[in-house]
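Shown next, in C-alpha cells, is the structure this report addresses.
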Amino acid sequence: MGICWSYPPNKDPTPTGTVTPAGISHSQTTSGSYGISTPTTASTTTTFNSVSTISSGSGTGSSSNISSSISRSNFSSVSDYSIGGQILPTSNLRIFTFAELKAATKNFKPDTLLGEGGFGKVYKGWLDSKNSSGTAVAVKKLNSEGYQGLEEWQSEINFLGRLYHPNLVKLLGYCYEETELLLVYEYMQKGSLEHHLFGRGASVQPLPWDLRLKIAIGAAAGLSFLHTSDREIIYRDFKASNILLDGSYNAKISDFGLAKLGPSASQSHLSTTVMGTPGYAAPEYMQTGHLYVKSDVYGFGVVLVEILSGQRAIDTNRPTGYHSLTDWVKPFLHDKRKLKKIMDPHLGDKYPSKAAFPIAKLASKCLAPEPKMRPSMKDVLEILQGIQASTNKNVEVRGDH
Ligand SMILES: Nc1ncnc2c1ncn2[C@@H]1O[C@H](COP(=O)(O)OP(=O)(O)OP(=O)(O)O)[C@@H](O)[C@H]1O
Ligand SMILES: [Mg+2]
C-alpha cells in the first residue's frame, strides 16, 4: 500500500528527507463528511472508532466490533453500476482465522513470499486445501509492530470489499486476530506491471507492444470506473506496482489504502499530510495538498510514459536532472522523431509508431500542470480503445494484401 513519503502541504514539497522509512504513516484530512480516514487528530491511533477497540488489545473478541465498523456504510449511494462494475451497499468478505492463513501459506514460509510493500509482506497461499491444489490467493500481512497500518487496512476493506469491476483486484476477505491484521486477495498470476517493465533476471521477458496497450486500457477502465461511480472515488496511489496482472495480462488495480471518496467535481480534498509515491503524485497535490480525481489522471500519465519508455518514474541511477521522469520527458512526447529516442529499447522496432505517438500525446495531456487541463479517465479510456481498434484494423488490412 503506497505511502512512501509524507509532509505537510505548503512546505517544501521535495520528498527527500521526509521519507517515512517504514512506509506507513497517517494523514489527517478535512474529509470528515465522507466517513473514511477521518482522524480528528494527527495521531496515528485515533483514526477510526475501531482503533481504540484494537488498542485495548482484547484479541479475537474485538473482531465483531471491527467488523461492524467495517460494514458501516461509507458510500452515500446504495449501489452503483457503472461500466461493468458495481458498488455493493456492504462488503461481503470472508473473515479468516489466523490459523487458516497460517496453514494456507505454510506458516508464511519464505518461499511463498511474493513481494513486500509499505504495509508488509505478501505471501502466496492456497485456500481450503491441505496440498497446493486449492484456490491460490495472495495474503498481505501487516508488519506486526504497532497498529500503524490499521487505517489503510480498514480503508482497503471499506473500499475494495464493496467494489466489483473486472479491472480491480478482488479482495476475498481479511483476518484480525490479536495483533495480526491480514488481507486476502485473488492471486494475480503475472504479478505487477512494475515487475514486467523494470524487473531483472532471466524470468522477465520484455512486454510486447500489444500487451502494454492492453494493460494501459485495463488500468484506465479500472480508474474510469472509480471516477465515474455515483460518488467519485479518488484512488490516490496510481503506479506500476499497484497494477497487477492475471494469467491473461488483464490489468487490475490493487491497494485502496489511500483511496478517498471524491468531493464534487470542482472541489478538492485538502490533506494536511500529503501521501503518495514520489514521481507519480500530481503537482497540485504535492504543493498544496489539494486532491482531485484529475490528480489520479496525472499518475496515469506517468504510468503511460513508463509503459512507452521502460523508464521508472523515479530512478536515481539516471544522471542528475533526470531522476524524475516527468521533469525531462515532456518535450519528447510531442515530436514523433524525438519520441523514438525515449521508446523502450526492449521494444526494438516492434511497435506501431502510429499508435505510440498519439499515446505519447495523450500522456502529455494527462501530465498537464493544471488539473482542469487534463482529460477525464473516461476520455483517456476511449482514446486508448480507439488507438487499439485502429491498430488492429491496420494489422487486418495489411494481412489482406
Ligand atoms: N493479489 C496479488 N497477487 C499476486 N501478487 C501480489 C498480489 N498483491 C501483491 N502482490 C505482489 O506483492 C508485491 C508487494 O505488493 P504491495 O502492494 O504490498 O507493495 P507495493 O505495491 O510494491 O508497494 P506499496 O506498498 O507502495 O503499494 C507486489 O509488487 C506484487 O508483486
Ligand atoms: Mg501495492
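Please compute the modelled spin-label separation between N143 and D111, points set 7 Å along Cα→Cβ, answer in nm with one decimal.
The answer from the label model is 2.8 nm.
Pull out the extension gain between E180 and D128, defined as 0.36 nm times the separation in residues minus the alpha carbon to alpha carbon distance; nm, one decimal.
Using 0.36 nm per residue and subtracting the Cα-Cα distance, I get 16.7 nm.
What aspartates and glutamates does K341 reach when the alpha-carbon gap must be under 17 Å and sequence neighbours fewer than 8 apart in one chain are set aside?
E306, D327, D349
Return the ratio Rg/(2.2 N^0.38 Å) for the range 286-394, where Rg is computed over Cα atoms only.
1.09
How do R312, R200 rank when sorted from fewest to most other Cβ atoms within 10 Å of their own Cβ?
Lowest count first: R200, R312.
Extension gain T90-Q205, at 0.36 nm per residue separation less the Cα-Cα distance, in nm?
Using 0.36 nm per residue and subtracting the Cα-Cα distance, I get 37.3 nm.
Work out the length of the dipole vector of the range 191-400 about its Cα centre, built from +1 on the beta-carbon of each Lys and Arg and -1 on the beta-carbon of each Asp and Glu, and round it to the nearest 20 debye.
Rounded to the nearest 20 debye, it is 540 debye.
With the calculation restricted to Cα positions, what are the radius of gyration and Dmax of the range 96-222 in angstrom?
When restricted to Cα atoms, the range 96-222 yields Rg and Dmax of 15.6, 47 Å.
Please give the Cα centre distance for the range 190-205 versus the range 318-343, rounded to the nearest Å.
Between the Cα centre of the range 190-205 and that of the range 318-343, the gap is 22 Å.
Please tell me which of these pairs span more than 29 angstrom C-alpha to C-alpha: K252/K372; K106/K190; K140/K340; K330/K354; K124/K294?
Violating the 29 Å Cα-Cα cut-off are K140/K340; K124/K294.
Please pull out the direction-averaged projected area of the range 191-400, using the convex hull of its alpha-carbon atoms, in nm² to one decimal place.
Approximately 12.4 nm², given one-decimal rounding.
Read-outs throughout are calculated quantities, based only on the coordinates presented, and are distinct from any laboratory measurement. These numbers were taken from a predicted model, which means no experiment stands behind them. Because the Cβ atoms are built from the backbone with ideal geometry, glycine has one as well, and the counts that use them run over all protein chains shown.
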